[in-house]
Structures are given as C-alpha cells and as structure tokens.
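Asks: Take this structure first; my questions come after.
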Amino acid sequence: MSRKETELGIILAKIADELNITDTMYDKAVQSYIAVGNWIGDGLDFTVEIMPQGSMNLGTTVRPINESDDYDIDLVCLLHEGWQLDARTIKELVGKRLKENAMYKKKLDEGSRCWKMSYDGFHMDILPCVPKERLFIKDNHTEIRLTHKNNDGTYSDKYSNPHGYKLWFINQMLNVYKNLSEKYAIENRTIIDEVPIYKVRTPLQQSIQLLKRHRDIMFAGKDDIAPISIIITTLAAKAYNNETDLYEALHNILDNMPNYIENRNGISWVENPVMANENFADKWQHHPEKKKSFFSWLEQAKLDLLIKPIDMYGIDTIGKHYKTVIGDLPVNRALNALGDEKKQARSSSSLYINGLAGGISTTTDTSSKKIKEHTFFGS
C-alpha cells in the first residue's frame with residue numbers, strides 16, 4: 001500500500017468512528033431495553049430474554065444524517081418455553097404485557113412484526129418470538145420463529161437467526177476481532193468475553209458504517225430503491241479478508257462484493273449465511289430497479305470513497321469531498337480529532353514531514369523527517 005492510501009485509511013477510520021453512536025447513546029439504549037425485558041418477564045409465565053439484533057448486534061449502527069432524528073434499535077424478545085404458541089398468541093402476549101405499563105402504553109405502536117416504542121433519541125422495535133425448535137441454546141440451536149401480521153388481520157410464521165448471524169459475522173473478522181478485543185480488555189481491565197462488540201471497531205465494521213452512510217446520502221428521499229443494510233452487511237462480511245488497514249479493507253470489499261451474489265436459475269441470490277434457503281435479495285426479481293440501484297451505488301461508492309480522494313491533495317480538499325458524500329457533521333468531527341492528534345504529536349516531537357509532496361502526518365517511512373517541537377511563543 002502507498003503512504004497516501006494508508007493516510008486515507010486513517011481519515012476514513014476517524015469518520016467511521018464519528019458515524020458510530022456514542023457510549024452515552026448506547027448505554028441509554030441498553031438500560032431502556034433491559035428495563036423493558038424485566039417488565040415483560042415479570043408478567044409472563046415464560047423465561048424472557050431481550051437481545052439486540054441487526055446493526056446494534058454487530059457494532060455497525062450509524063447515526064441518522066440529521067443527528068437530531070431518532071435512530072432505531074432492533075430487539076428480539078424471546079419467550080424461551082413458548083415454542084408451541086401460535087403466531088397470534090406470540091405477538092399479543094408481549095403487546096398485552098407492554099400495555100399494562102402506563103408509560104410503555106403511551107409509547108407503543110404496532111408494526112407487522114414488532115411492537116414499536118418511541119424514546120427520546122431512538123425508536124425501539126421489539127420482535128416477539130419463540131425458539132423454532134423446543135430449545136434455544138446459544139452457539140447450537142439459535143433459530144427463532146417470529147410472527148407476521150398480514151393485511152387481512154391473519155398471522156403467519158416467519159423464521160430468523162440473529163444470534164447465529166452475529167456468530168457468523170464475528171467469524172468473518174475473527175483474527176482482527178480477537179486482537180482488538182484482547183487489546184481493549186487489557187486497556188480497560190476487563191475479560192475478553194465482556195467486551196461489547198461495538199467497542200471493538202474492526203475495519204469490517206467501519207467499512208459497513210461508511211457504506212451505509214454513503215447509501216443514505218446517495219438515496220436520500222428514495223428509500224424504496226436504496227440497497228438494504230442486510231445485503232450490504234452480508235456481502236461486505238463475505239468479501240472481508242481480515243485486513244487491518246481500513247483503506248485496503250474497503251477496497252477489497254467494494255471490488256469483491258459482487259462475487260458473492262449468486263445466480264440461481266436466473267434469480268439473483270444473496271444467501272443468508274445461517275439460513276441457506278433465505279435470499280436477502282428476493283425482491284430484486286420482481287423489482288429490477290432495486291438490483292440496478294445496488295450496482296450503480298456500488299460503482300459510485302468506489303469513486304466517492306476511494307478513487308477520487310486518492311488523486312486529491314491536502315486534508316482540507318479531501319475533507320470537503322467527503323462532506324458531500326458522507327455528511328458535514330461526522331467529517332468535521334473527524335478532521336477536528338485528527339487536527340488535535342497532530343498538535344499533540346507535534347508537541348511530543350513525533351510529527352513527520354513526508355518528502356516534498358506527502359504532507360504532514362504522524363506516520364513515518366524512510367523518506368520522512370521529524371519536525372522539531374515548536375517552542376517559540378514570542379516575548
């Protein structure tokens with residue numbers, strides 16, 4: 001990799017971290033859903049387990065473009081002993097219990113599969129479900145049966161495996177994930193098993209956040225044709241090769257995502273890695289505009305995130321470009337953080353000038369010369 005690519009990776013990593021929800025936002029969400037789980041569990045004759053799913057479960061949550069808007073938290077509400085319950089009962093048991101709490105009742109709305117509650121800053125989507133088979137055993141039997149309320153008021157069974165998907169996702173980045181988890185555990189004096197996934201920040205997680213935000217900007221107001229997050233996440237995870245540099249990881253992901261879109265008898269197929277009969281791209285067959293949008297987005301993401309910036313000089317020029325494709329607020333925060341780091345590096349005599357055209361950075365190579373600490377403050 002060139003020095004320019006490495007430094008673009010550093011800039012992109014800072015931006016990705018600024019797209020992530022803050023520790024405060026995360027802690028508030030966790031406290032809220034634990035309280036909901038306790039309320040449901042105390043009123044039902046089942047062992048109730050509340051678990052995050054989707055981006056909250058993978059450490060790939062992205063703040064809304066307008067950061068004053070709410071972000072979504074997707075939760076599974078598992079009734080452990082309820083495997084024989086019919087679809088209607090699964091949904092209504094959880095809804096009835098939530099309505100018994102005056103505060104929750106005010107927040108509550110019903111979706112086709114979830115109970116939705118609005119909080120200050122986020123929405124909580126609670127998915128009632130039961131084990132697909134008699135038992136739900138983490139790391140072994142983790143498929144769940146959920147419920148879908150049809151337009152005519154009838155209910156039907158659907159199936160998913162969010163816990164199994166999380167394990168698969170971690171396995172796709174296992175080498176880097178282990179190393180970063182160990183580092184975090186040592187620095188924070190905790191054990192590896194207690195490190196939250198969103199704290200780890202692998203290049204795969206950061207790449208997915210950048211891609212989702214680029215998607216959000218490109219398809220603002222066109223949600224019906226925007227590439228869906230589960231397709232982006234799955235293809236990115238399949239293409240990721242445990243790169244430790246974000247620029248290299250993102251380059252590899254964008255180049256190789258199409259290789260994991262199968263053609264099954266003329267049908268485009270993005271396989272759910274933990275439920276082989278599920279096609280995440282099932283809507284492409286009847287809505288070809290969705291498939292077209294995916295591939296046009298993929299090419300634009302390459303241009304906007306990688307190809308155009310590599311030919312730009314100066315962090316201000318690069319930052320101005322990234323603001324147009326990622327958004328002002330996260331890029332501004334990232335550039336400010338990089339500026340603060342460079343000031344600190346200069347004061348500690350660890351800042352380098354990279355040749356005649358490379359600019360200033362805290363990285364070094366054989367052509368770099370150290371800049372002396374600036375100690376002249378006038379008289």
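Asks: When the residues of the stretch 1-28 are narrowed to those that are within 19 Å of His251 (Cβ to Cβ) and not in a helix (DSSP H, G or I), which ends up nearest to the chain's Cα centre (by Cα)?
Replies: Met1
Asks: Could you please give the count of residues in the stretch 49-94 that are in contact with a strand residue (DSSP E or B) (Cβ under 7 Å, 6 or more places away or on another chain), within 29 Å of Pro196 (Cβ to Cβ) and part of a helix (DSSP H, G or I)?
Replies: Here the count works out to 3.
Asks: Which numbered condition trips up Gln285, out of (1) without any contact (Cβ under 8 Å) to a residue 60 or more places away in the chain; (2) touching a helix residue (DSSP H, G or I) at 6+ places or on another chain (Cβ under 8 Å); (3) surrounded by fewer than 21 Cβ atoms within 10 Å (Cβ to Cβ)?
Replies: Gln285 satisfies all of (1) without any contact (Cβ under 8 Å) to a residue 60 or more places away in the chain; (2) touching a helix residue (DSSP H, G or I) at 6+ places or on another chain (Cβ under 8 Å); (3) surrounded by fewer than 21 Cβ atoms within 10 Å (Cβ to Cβ) except (2).
Asks: If you don't mind, there's one more thing I want to ask. Just checking, does the stretch 229-252 include any residue being under 17 Å from Lys292 (Cβ atoms), at pLDDT 95 or above and over 18 Å from the mean Cα position of the chain (by Cα)?
Replies: No, there is no match, as no residue in the stretch 229-252 is under 17 Å from Lys292 (Cβ atoms), at pLDDT 95 or above and over 18 Å from the mean Cα position of the chain (by Cα).
Asks: Hey, among Ile261, Ile310, Ile318, which residue is touching a residue at least 40 places away in the same chain (Cβ under 8 Å), farther than 25 Å from Asn66 by Cα and more than 19 Å from the chain's Cα centre (by Cα)?
Replies: Ile310
Asks: Shifting gears a bit: Looking only at the stretch 102-120, how many residues end up being closer than 17 Å to Val48 by Cα and more than 29 Å from the chain's Cα centre (by Cα)?
Replies: 0
Asks: What pairs come up if the first residue lies in the stretch 12-26 and is touching a residue at least 12 places away in the same chain (Cβ under 8 Å), the second is part of a loop (DSSP other than H, G, I, E, B) and crowded, with 21+ Cβ neighbours inside 10 Å, and their beta carbons are under 7 Å apart, counting only those six or more places apart or on different chains?
Replies: Within 7 Å, the pairs are Leu19/Val62; Asn20/Thr61; Ile21/Thr61.
Asks: Only residues that are among the small types (Gly, Ala, Ser) and either modelled with pLDDT of 95 or more or part of a helix (DSSP H, G or I) (or both): list them for the stretch 268-300, please.
Replies: Narrowing the stretch 268-300 to residues among the small types (Gly, Ala, Ser): 268, 276, 281, 293, 296.
Ser268, Ala281, Ser293, Ser296 - these are the residues of the stretch 268-300 that are among the small types (Gly, Ala, Ser) and either modelled with pLDDT of 95 or more or part of a helix (DSSP H, G or I) (or both).
Asks: Which of (1) outside the structural domain of Ile232 (by TED's automatic domain parsing); (2) at pLDDT 95 or above; (3) among the basic types (Lys, Arg) does Lys14 not meet, given it meets every other one?
Replies: The one condition Lys14 does not meet is (1).
Asks: So, one more: Kindly provide the set of residues from the stretch 37-48 that are assigned to a helix (DSSP H, G or I) and surrounded by fewer than 21 Cβ atoms within 10 Å (Cβ to Cβ), ordered by number.
Replies: Residues satisfying the conditions are Gly37, Asn38, Trp39, Gly41, Asp42, Gly43.
Asks: A further question on this structure: Of the conditions (1) modelled with pLDDT under 95; (2) touching a Gly at 6+ places or on another chain (Cβ under 6 Å), Asn265 satisfies every one except a single condition; which number is it?
Replies: Unmet for Asn265, out of (1) modelled with pLDDT under 95; (2) touching a Gly at 6+ places or on another chain (Cβ under 6 Å): (2).
Yes/no per residue for (1) of a type in the set (D, E, K, R); (2) surrounded by fewer than 20 Cβ atoms within 10 Å (Cβ to Cβ); (3) touching a Lys or Arg at 6+ places or on another chain (Cβ under 6 Å):
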position: Asp109; (1), (2), (3): yes, yes, yes
position: Cys114; (1), (2), (3): no, no, no
position: Ser160; (1), (2), (3): no, no, no
position: Asn175; (1), (2), (3): no, yes, no
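Asks: Now a separate question. Taking Gln31 and the conditions (1) part of a helix (DSSP H, G or I); (2) over 29 Å from Thr233 (Cβ atoms), which numbered condition does it fall short on, given that it satisfies the others?
Replies: With (1) part of a helix (DSSP H, G or I); (2) over 29 Å from Thr233 (Cβ atoms) applied to Gln31, the lone miss is (2).
The values are calculated or read from the model by the stated rules, or taken from the named source; none is laboratory data. Nothing here was measured: the structure is a model prediction, and the numbers come from that model. Methodologically, a virtual Cβ is constructed for each residue, glycine included, from the backbone with ideal geometry; neighbour enumeration extends over all protein chains shown.
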